[in-house]
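What follows draws every value from the coordinates through simple rules; no lab data is involved. Keep in mind it's a predicted model, so treat the numbers as computed, not measured.
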Amino acid sequence: MQAGSGGRTLVARLGLSFLAVALISIAVLAGLTAVLAAADVSALTARQRAGAVGAIALTAAAAWDKKGTWASAKLAPVLDLAARTGSYTEIRDLDGDVAAVSRGFDGQPAQDEAAQAIVVRGRQVGDVAVRFTRPGADLALRTALLRAIAAATGVAALVALLSGLLIARRITVPVMRIIRVTRIRASGNRDVRIGALRGPVEVRELAASIDEMVDTMDRQEQARRALVAEVAHELRTPVAVLQAETEALIDHVEEPTPDQLAVLHDEVLQLGRVLDDLQSLASADAAALHLARSHCDLASIAARAADSLAARFDTARLTLERHLGRADVLADAGRLHQLTANLLSNALKFTPPGGRVVIETWTSGPAAVLRVTDTGVGIPADEMPRIFDRFWRGRQAAPASGSGIGLAIAAELAAAHAGQLTATSTPGQGTQLTLTLPAEHHFLLG
């Protein structure tokens, strides 16, 4: 109910906002139109009146020209013409004496009077004064224009309101779907998704981002459950062995022997490895807050990491090649050693005997680069997007031991150093992991 009322409120608000903007624009346009139309009507009226005064003066001049004097001139047609134009006129000679005047002339307002000289053959013989008493023509035209503007304003406002409501609904419908889906998920249904929406690009991108976030959260939840199952599985066997062996010793069923103590020690070591994995992951999460940066050479770090694993490579009958060029970085040497060791261990785990692993370092412009390339089993294309997820193990990793956090830790440590860890792989041919870090000089400039 709240969602629906909220949606209606949003629709109403957006619709009214569009209407308000439209009304302001329409009002400004209507006002300018009314002012300009009134000016045009006034100019037209002035031209019409000037034409009427000119016609009356011309008619009076013709009447005077026939008789040569105002005393005998027939001026009734002049007064009739004035009456037809809705005005009153007064004809005066050069001395100002009235030769003819319309009935009611003196009762009209003098401020609305127009005068013009009466000229015959280039000589002025008198003048005519005209007072207009029918402003109805221009008033009617102005009234008609204002009514038309008001009607157009009303129609435009109605169209703006309907358009605003349609646009608002187009915006809010996908938003309300997003709200409904998030509430369904909050109620416990984890399978629902927003999916494709019709609406503005920003809303579609928001929906896609939420779906991506939900997918990521679901993967993390699956990883968490897998972690619990993995840890339980990893702990169950050593704990069971320890429990059985220690109970046998306590009950004096067996006497402690070096072989028996060695078995107990191995199971304790297995427990320690599980705890170390968990501790390494927690440490990687907090790495960005606890980096002890110093000037160091990525080549030296890679060499030490390779030395620490050399015996394991020999045991696995793998060739470890080194091509280490100087690459100065400002970083936590211990963390980078851990990262490099993780990359080498990963290559060691998935490269069959007789294979080759190459570790390289160099500087490329603003970046220091470390790369580990193996000739192992490779990673299927559909698994590549998830290789840096925590506790995720692909199909190739099933036979191998481990909790699936080695590459996740490496990626976390790379990000903590403002770097990036990327991977390329060809199934059956091997995998290449590349660490890119800001070179020391670029880091200091940044």
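Based on the reciprocal of the average 1/r between different C-alpha atoms, the Kirkwood radius for segment 31-104 equals 13.8 Å. Distances longer than 24 Å among the Cα atoms of segment 291-445: what percent of all pairs is that? Everything past 24 Å amounts to 29 percent. Applied to segment 113-124, the Karplus parametrisation 6.51 cos²θ - 1.76 cosθ + 1.60 on θ = phi - 60° returns per-residue 3J(HN,Hα) values of 9, 10, 10, 8, 6, 9, 10, 10, 6, x, 10, 6 Hz, with x for Gly and Pro.
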